[in-house]
Amino acid sequence: MINLGEGKPRKKTSNSEVNEQSALQAIREQMPQYVTDAIRKPRSKADAIDGLRVISRRKDGAISNQTADGTLSDNAYRAARSKALEKTSWADLDRIRHGEMKMPPMLPVDPVDWTDGMPATLTAERWNHILYGYDRGGGHMYGYEWINGRTEFPTGWDERTILGACAQAVQLPEVTTSIENPKELSKDTTISVDGVSPLVRVPWSGKVGERHITSFFPVDPNWEEKR
């Protein structure tokens, strides 16, 4: 997180200092997610009912302080997010402005469309690992490679697209067979989403009948260049 603060204000302010302060104020207002002393707008009703984030966490009319499945607390997620943001600097602003380097959301997300009938479960803790690089490794959604240096999915693949791609992969016969094999803990396979066909890897843990997906990512870091 970038800190724009400069200590106590000076008694006299020159024209150049006024211009600098105006620029810093604009950054605080227009790019609040990138600075520590941002001017933040209150969350809108639309934000509060975002299906990927909050709606599945509502309980008795209130919003929980952890994911729906209880595998990731807001505090643990925010601590990891803060640690990642320590890697950012002023030199990254151009990449941030162009969407090449994205900041993890303020709250962890839930894999709300993942059903009980899948060959393996997907926890919210592992889902945030896959998308944003929570807890060492991961960060495979486009724009999050900077966190742990891992391979990325295509630019246009958002959370729902990646979740659908993961569901597609684990339901392929060869992957399902591997999940049911006690000697196997991962499987590489090719999926197809909107005409894009990357080779992906699906690793898992747990015993047969209780498999848990631990990650999901493109195998080759240069796969888009080879299409």
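Every number in this text was worked out from the coordinates using simple rules, so none of it is lab data. Since the structure is predicted, the reported quantities are computational estimates derived from the model, not experimental observations. Glycine gets a Cβ as well: all are built from the backbone with ideal geometry, and neighbour counts include every protein chain shown.
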* To do: For a quick protection proxy, order the peptides 191-199, 71-79, 132-140 by their average other-Cβ count within 10 Å, most packed first.
  => 132-140, 71-79, 191-199
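Please report Rg over Rh for the stretch 73-227, where both radii come from the alpha carbon positions and Rh follows the Kirkwood definition.
My calculation puts Rg/Rh at 0.97.
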* Hey, how many Å between the Cα centroid of the stretch 90-157 and the Cα centroid of the stretch 203-220? -> 16
* To do: For each of ASP158, ASP116, ASP94, count neighbouring Cβ atoms within 10 Å of the residue's Cβ, then give the residues from fewest to most.
  => ASP116, ASP94, ASP158
* Structure fact -> Per-residue Cβ contact counts at 10 Å, fewest first, order TRP157, TRP204 as TRP157, TRP204
* To do: Would you please state which residues of the stretch 104-133 a label at ARG78 would reach in this model, taking the label point 7 Å out along Cα→Cβ and a backbone N cut-off of under 13 Å?
  => 106-108
* By how many nm would the segment from SER205 to GLU86 grow when fully extended, if each residue of separation counts as 0.36 nm and the alpha-carbon distance is taken off? -> 39.8 nm
* Please compute the net charge surrounding GLY138, taking Lys and Arg as +1 and Asp and Glu as -1 over other residues with Cβ under 12 Å from its Cβ. => -1
* Asked: What's the extension gain from ASP116 to ASN65 if we count 0.36 nm per residue and subtract their Cα-Cα distance?
  -> 16.0 nm
